[in-house]
Amino acid sequence: MKILVTGTAGFIGFYLAKALLERGNEVIGLDNINNYYDINLKYGRLAETGIKKQEIEYNKLVKSKKYGNYKFIKLNLEDQENIAKLFKEQKFDKVCHLAAQAGVRYSLTNPNSYIQSNIAGFMSILEACRHNNIEHLVYASSSSVYGMNKKMPFSTHDNVDHPISLYAATKKSSELMAHTYSHLYGLPTTGLRFFTVYGPWGRPDMAMFLFTKAILEGKPIDVFNRGDMQRSFTYIDDITEGVVKVIDNPPEINKNWDEKKPDPSSSKSCYKIYNIGNNRSMKLIDFIKAIEKSLNKKAEKNLLPMQNGDVKATSADCSDLEKDFAYKPETPVQIGVEHFVKWYKRFYEVGV
């Protein structure tokens, strides 16, 4: 099976590509390696999969030095002409689209980059899938789409019509666009609403990374809403396992779908939405304690009010994913945090 994975210089895409390669799939990785955060981290991930920085050029396939069944291409999502050409030449069976302009806070100051990557870019992928008989398109949505919803845990069976950031709005738009292509062209699509993912090689704009860096440097950490936040923290290996299971199982038409009481998570078309994360939420302050324990060092906390675009709590109802694929994250937070801290110290040569 030949699979396109977009965002393979990114956190989740990097792990997913490795998992698919190690089980024998042929994989093409795609990323534009933008400078939203430190590109050295992105090149570091690529190097782990045998892709050498000096060989990367725009719109050129590079063969992995580690995996015989892996190639990488640097390409912008919104480059519709070259995206279409790539699909036509490579003849993918399935696509997992994880590439996007990420980050809630960044969307407050750089809104246009979200429209280009997350709307125009997704349109390129949808059109290419439509014209190349793709068996299944899996794409990244986000828990941010729940916006002003207060009902907990967040369920895919509830409407999400009140986003509170442009990032969330673009992810909701992706779900609507995907449904349209499932309905009009019979393209099987599955959207995954990721909750807070952490682990080695994680993004430096995420709490795990920011807190660890600041504590090691003896600097105060910014704790929003004075620490009164909850998140469904999920370790990267658990997330990767779930994504692989979803890729392997294209959605079917929901024959019981009721037009008078429409279920937002499914359709009369081959379309499905899942939450993917941990059913158990954790207080932010307890997550900080786990980091302090792993570092054997106390954090100096800068307690701040809630930041625009943030939500106070996320709690994932992943019962559909558990029911359909026996998905259940198992990694305890303390273990996952220790794995991250060991990687961080080694990668940045701190305290080793």
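The values are calculated or read from the model by the stated rules, or taken from the named source; none is laboratory data. Since this is a predicted model, take the numbers as computed values, not measurements. So basically every Cβ, Gly included, is an ideal-geometry build from the backbone, and we count neighbours across all protein chains shown. What goes into the accessible areas is simple: the full protein's heavy atoms, side chains included, and nothing from ligands, DNA or RNA. Shrake-Rupley method; radii C 1.70, N 1.55, O 1.52, S 1.80 Å.
Tabulated data for the structure shown
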| read-out | value |
| --- | --- |
| Options N249, N278, N254: the member that is closer than 13 Å to C318 by Cβ and in contact (Cβ under 8 Å) with a residue 12 or more places away in the chain | N278 |
| Which listed residue, of T170, T156, is in a loop (DSSP other than H, G, I, E, B), modelled with pLDDT of 90 or more, surrounded by 24 or more Cβ atoms within 10 Å (Cβ to Cβ) and not aromatic (F, W, Y) | T156 |
| Qualifying position, being more than 19 Å from S117 (Cα to Cα) and either surrounded by fewer than 16 Cβ atoms within 10 Å (Cβ to Cβ) or among the aromatic types (F, W, Y) (or both), among Y181, Y198 | Y198 |
| Residues of the stretch 1-20 that turn out to be part of a helix (DSSP H, G or I) and open to solvent by less than 10 Å² (accessible area, probe 1.4 Å), as a count | 5 |
| Strands (runs of 3 or more DSSP E) completely within the stretch 57-143 that count 2 or more residues being under 23 Å from K18 (Cβ atoms) and of a type in the set (D, E, K, R) | 70-74 |
| The stretch 23-57, subset among the acidic types (D, E) and in contact (Cβ under 8 Å) with a residue 24 or more places away in the chain, residue surrounded by the fewest Cβ atoms within 10 Å (Cβ to Cβ) | D38 |
| Close pairs from the stretch 115-138: first closer than 16 Å to P250 by Cβ and modelled with pLDDT of 95 or more, partner in a helix (DSSP H, G or I) and open to solvent by 10 Å² or more (accessible area, probe 1.4 Å), Cβ under 7 Å, at least 6 apart | L126/M177; L126/Y181; R130/Y181; R130/Y185; N132/K88 |
| Within the stretch 58-78, considering residues that are open to solvent by 10 Å² or more (accessible area, probe 1.4 Å) and of a type in the set (F, W, Y), the one nearest to A100 (Cα to Cα) | Y58 |
| The stretch 147-188, residues that are among the small types (G, A, S) and either touching a residue at least 60 places away in the same chain (Cβ under 8 Å) or under 21 Å from M229 (Cα atoms) (or both) | G147, S155, S165, A168, A178, S182, G186 |
| Residue match in the stretch 119-133 (condition: hydroxyl-bearing (S, T, Y) and over 17 Å from the mean Cα position of the chain (by Cα)) | yes |
| Where a residue in the stretch 203-231 is of a type in the set (D, E, K, R) and its partner, wherever it lies, is open to solvent by 40 Å² or more (accessible area, probe 1.4 Å), with Cβ under 6 Å and at least six apart | D222/N302; D222/L304; R226/L303 |
